[in-house]
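In what follows, a single structure is set out as structure tokens and then discussed.
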Amino acid sequence: MSHLALLNISVFSNFVAFLLITFFLKKKEQRFLAAKVAITLSGLGALVSCVLLFQRFHLDIALTASVTWLKWNTGELLIGYYLDKVSLMMLTTVCVISFMVQMYSFWYMKDDAGIRRYYGTITFFSWAMIFFVVSIDLFGSYIFWELLGLASYLLIGFWHEKPEPRRAAIKAFIMTRFGDLGLLAAVILLLVKLKTVAIPVLITAAGTLLSPQEVFWIVVLLFLGVMGKSAQFPLHSWLPDAMEGPTPVSALIHSATMVAAGVYLLVRLFPLIAFSESAMTYILCIGALTSLIAAVMALTEKDMKRILAYSTVSQLGFMVMAIGAGAWQGGFFHLLTHAFFKSMLFLLAGYFIHMAHHSNDIFSMAKVSYGTKSKLMVALLWVGSLALCGLFPLSGFLSKETIFGSLMEGHHYGVYGVALLISFLTAYYTTRMAFIVSRNGEVVDAQENSLPLYMKISVSFLGLMTLIGFWIFLPALTEFFHLHSEWHAEQWVNFFITTIGVVLAIGVSYFYFGRKQATSEKGWVSFIPGLSGLIENKFFVDHFWKWVVDKGVYRFSRMSFWTDVHIINVIVDQVGLTAIRCGKKAAALQMGQVQQYIITAVVVSLFVVIYLIFGK
């Protein structure tokens with residue numbers, strides 16, 4: 001079978017599942033069949049994507065296939081595929097994680113009446129991300145970018161009968177749409193200047209065809225879209241609230257879809273972005289600020305899903321910071337490794353929430369006896385947590401070390417220091433969560449402890465990838481990600497600095513939360529005046545947006561309404577009324593009386609004669 005045929009199967013398997021579930025498997029008794037169809041077709045797509053990865057990764061030539069969508073004068077828009085090593089790795093990651101999440105969801109959603117709707121929406125969501133990844137044209141990418149936003153709105157607000165999911169879905173939709181305006185403006189500017197937005201052109205020649213100022217503004221507008229989709233400051237506050245959706249949805253959104261789309265777009269267009277140093281500096285600063293603020297907000301959080309959500313925001317900022325510093329390989333590598341261990345952590349959160357009678361509170365989870373908790377799930381929780389900390393030899397260590405190494409080699413010492421602080425905070429709040437959740441509680445729970453095989457397979461596979469998966473593929477990845485095959489003094493120094501910081505953070509976390517006599521809830525944060533209040537108010541970002549809406553949007557809306565009623569409507573009405581009055585005057589001339597017409601004709605003729613005699 002040709003590579004193009006395999007790519008078609010990989011891209012459209014989830015879409016076929018969506019069509020079957022939406023239009024054919026409508027009956028209530030078919031809801032479990034719909035789930036099985038989705039899992040089967042998603043699994044097929046994942047398998048084929050892996051085959052493609054093994055067959056094409058060693059090739060340096062990209063696979064392209066496209067047709068002209070729109071054409072005008074010298075410009076055109078394409079629709080089709082562009083599959084190089086970057087898109088191939090991302091395609092495989094999205095397909096595999098989507099399959100694992102859907103398989104896990106069969107256990108998590110089995111008692112939900114809306115399981116058919118769930119699978120219909122999540123397969124559509126996966127398809128939109130997959131086509132976004134391999135799209136050959138930036139305008140096509142923008143269309144699937146928007147479809148991602150639509151699907152995320154439906155999934156975050158899946159339990160729409162509750163007010164919290166509805167509010168969270170609306171908030172996510174509006175905030176990401178604000179950012180998407182920037183992306184759309186960038187696409188339009190590129191079309192005006194280049195007459196095309198084909199990705200091969202953008203990454204090979206666009207920088208030389210545009211002036212430095214044009215590149216700067218295009219990149220800033222592109223990054224505005226990234227800020228919305230990948231939850232960068234100050235458009236980040238929608239992501240923690242998105243936890244109101246089903247936990248498997250959170251696992252997919254936070255790992256391989258939606259929020260990953262923004263970082264992937266930066267990686268995809270990095271050759272263009274690199275032409276503007278000012279734009280790169282702007283990206284670096286926003287990424288660093290986002291990562292640091294989100295890490296601080298996770299320090300005292302009790303909701304397990306929100307801890308992981310703030311962690312996602314922080315890690316996304318970490319990737320963006322790396323890309324802004326020029327270390328795009330490290331940012332992309334971390335995007336891939338993060339996808340696997342973060343999806344696993346969210347799926348584990350679903351399990352622990354289930355064991356704690358659907359409570360998200362980590363202290364409620366701590367009350368469940370250790371004998372009741374699955375030892376496999378507790379072990380995998382620690383695997384994922386330590387990978388997030390970036391501890392050797394887990395996958396998170398590989399990618400984080402790549403970023404730190406690139407920052408040190410590029411002499412970005414200030415950014416390196418910020419990254420060390422973020423790494424310390426990440427290790428602290430992550431192991432705080434793990435220590436508390438894995439405590440041996442005194443309450444013996446009657447919840448089921450026997451877990452279905454397909455659930456164990458999905459979580460264990462992600463754990464296996466986190467443990468050894470990337471080490472297995474390391475020889476193939478070394479050249480692409482510019483990894484050091486042999487470490488010299490600089491690499492060893494970097495390794496010891498980062499490892500000491502992580503170990504120190506874990507030690508502090510153990511002191512406050514890991515010991516048997518530990519009773520603290522906030523740890524050392526309680527000793528810093530004002531920090532707890534700042535965290536509780538989420539750095540007043542939501543307050544700022546509320547002020548913007550109240551003082552800006554609502555006032556502008558009221559002013560527009562007044563203008564519409566008292567000015568525009570009056571003008572429009574007066575035009576109509578004037579026409580009516582003129583019509584009535586003109587109608588008076590049509591009385592149907594011959595003598596009136598004769599008198600009018602005589603008077604008009606008299607005026608004409610007078611004008612002809614005396615007018616000259």
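Across region 239-246, computed HN-Hα scalar couplings (Karplus, 6.51 cos²θ - 1.76 cosθ + 1.60, θ = phi - 60°) run 5, x, 5, 5, 5, 6, x, x Hz from first to last residue, x flagging Gly and Pro. Rounded to whole Å, the principal axis extents of the Cα atoms in region 150-228 read 52, 21, 17, largest first. Let me know the shape class of region 171-293, please: from the alpha-carbon gyration tensor, a ≥ b ≥ c as square roots of the eigenvalues, rounded when a/c is under 1.5, otherwise prolate if a/b is greater than b/c, or oblate. Prolate, because a/c is 1.5 or more and a/b exceeds b/c. Spin-label model, residue 24/residue 540: points 7 Å from Cα along the beta carbon direction are separated by 5.8 nm.
The amide H of residue 79, built 1.01 Å from its N in the peptide plane, has 67, 69 as neighbours under 5 Å, considering only residues 5 or more places off or on other chains. So for region 71-138, what percent of the C-alpha to C-alpha distances run longer than 15 Å? Counting pairs separated by more than 15 Å, the tail of P(r) holds 63 percent. Helix 489-509 and the long axis of the chain differ in direction by around 90°, with both axes built from C-alpha atoms.
Can you give me the angle between helix 594-614 and the longest principal axis of the chain, using Cα atoms only, in degrees from 0 to 90, rounded to the nearest 10? Tilt relative to the chain: about 80 degrees.
Using R₀ = 45 Å, calculate the FRET efficiency as 1/(1 + (r/R₀)^6) where r is the Cβ-Cβ separation of residue 517 and residue 490; round to 0.05.
The value I calculate is 0.60.
Within straight-line reach of residue 551, meaning a Cα separation under 29 Å, sit the following lysines at least 8 residues removed in sequence or on another chain: 162, 171, 229, 538.
Every Cα-Cα pair in region 1-75 was counted, and those over 20 Å apart are 50% of them. Which angle from 0 to 90°, rounded to the nearest 10, does the C-alpha axis of helix 304-324 make with the longest principal axis of the chain? Relative to the chain, helix 304-324 is tipped by roughly 80 degrees.
Taking N as the number of residues in region 40-109, what is its alpha-carbon radius of gyration divided by 2.2 N^0.38 Å? Spell out each step's value before the answer.
Numbers: Rg = 16.2 Å, N = 70, 2.2 N^0.38 = 11.1 Å.
Computed over Cα atoms of region 40-109, the ratio equals 1.46.
On the basis of the beta-carbon distance and an R0 of 45 Å, residue 613 and residue 579 show a calculated FRET efficiency of 0.75. Take the chain with all the other protein chains still there, run a 1.4 Å probe, and you get 43 Å² of accessible area per residue. Modelled this way, with points 7 Å down the Cα-to-C-beta line, the labels at residue 110 and residue 590 are 8.0 nm from one another. Sequence-ordered 3J(HN,Hα) estimates for region 170-184 from the Karplus curve with 6.51, -1.76 and 1.60 and θ = phi - 60° stand at 5, 4, 4, 5, 5, 5, 6, 5, 4, x, 5, 4, x, 4, 4 Hz, glycine and proline given as x. How long are the semi-axes of the ellipsoid equivalent to region 2-146, from square roots of 5 times the Cα gyration tensor eigenvalues, in whole Å, largest first? Sorted largest first and rounded, they come to 30, 18, 11 Å.
Can you show me the helix-derived [θ] at 222 nm for the chain, built from DSSP H runs with n ≥ 4 at -39,500 (n - 2.57) apiece and divided by the number of residues, rounded to the nearest 500.
Numbers: 28 runs with 429 residues, N = 616.
Mean residue ellipticity, 222 nm, calculated: -23000 deg cm²/dmol.
Over every Cα atom in region 473-616, the radius of gyration and the widest Cα-Cα span, Dmax, amount to 43.1, 118 Å.
Could you tell me the calculated FRET efficiency between residue 571 and residue 550, based on Cβ-Cβ distance and R0 = 41 angstrom, to the nearest 0.05? About 0.85, to the nearest 0.05. Given axes a ≥ b ≥ c from the Cα gyration tensor, I'd like to know whether region 283-364 is rounded (a/c under 1.5), prolate (a/b larger than b/c) or oblate. Oblate is the answer for region 283-364, as a/c is 1.5 or above yet b/c matches or exceeds a/b.
Per-residue 3J(HN,Hα) values for region 37-51, derived from phi via the Karplus relation 6.51 cos²θ - 1.76 cosθ + 1.60 with θ = phi - 60°, read 4, 4, 5, 5, 5, 5, x, 4, x, 5, 4, 5, 5, 5, 4 Hz in sequence order (x marks Gly and Pro).
Once you treat every alpha carbon in region 397-545 as an equal point and sum by Debye, what is log10 I(q)/I(0) at q = 0.20 Å⁻¹? Rounded to two decimals, the profile gives -1.25.
Only the Cβ atoms of Lys and Arg (+1) and of Asp and Glu (-1) were treated as charged; on that basis the dipole of the chain about its Cα centre amounts to roughly 1560 debye.
Based on the Cα coordinates of the chain, what is the per residue volume of their convex hull in Å³? It would help to have the intermediate numbers written out before the result.
Numbers: hull volume 151.4 nm³, N = 616.
About 246 Å³ per residue, rounded to a whole number.
Using only the Cα atoms of region 86-239, construct the convex hull and provide its projected area averaged over every direction, in square nanometres to one decimal. Write down the numbers at each step before the final one.
On the way: hull surface 39.4 nm².
Orientation-averaged projected area of the Cα hull: 9.9 nm².
The alpha carbon gyration tensor of region 331-392 gives principal lengths a ≥ b ≥ c with a/c of 1.5 or higher and a/b greater than b/c, which makes the shape prolate.
The values are calculated or read from the model by the stated rules, or taken from the named source; none is laboratory data. Because the structure is predicted, anything quoted here is derived from the model rather than measured. Because the Cβ atoms are built from the backbone with ideal geometry, glycine has one as well, and the counts that use them run over all protein chains shown. These accessible areas exclude ligands, DNA and RNA; they are computed on the full protein's heavy atoms, side chains included. Shrake-Rupley method; radii C 1.70, N 1.55, O 1.52, S 1.80 Å.
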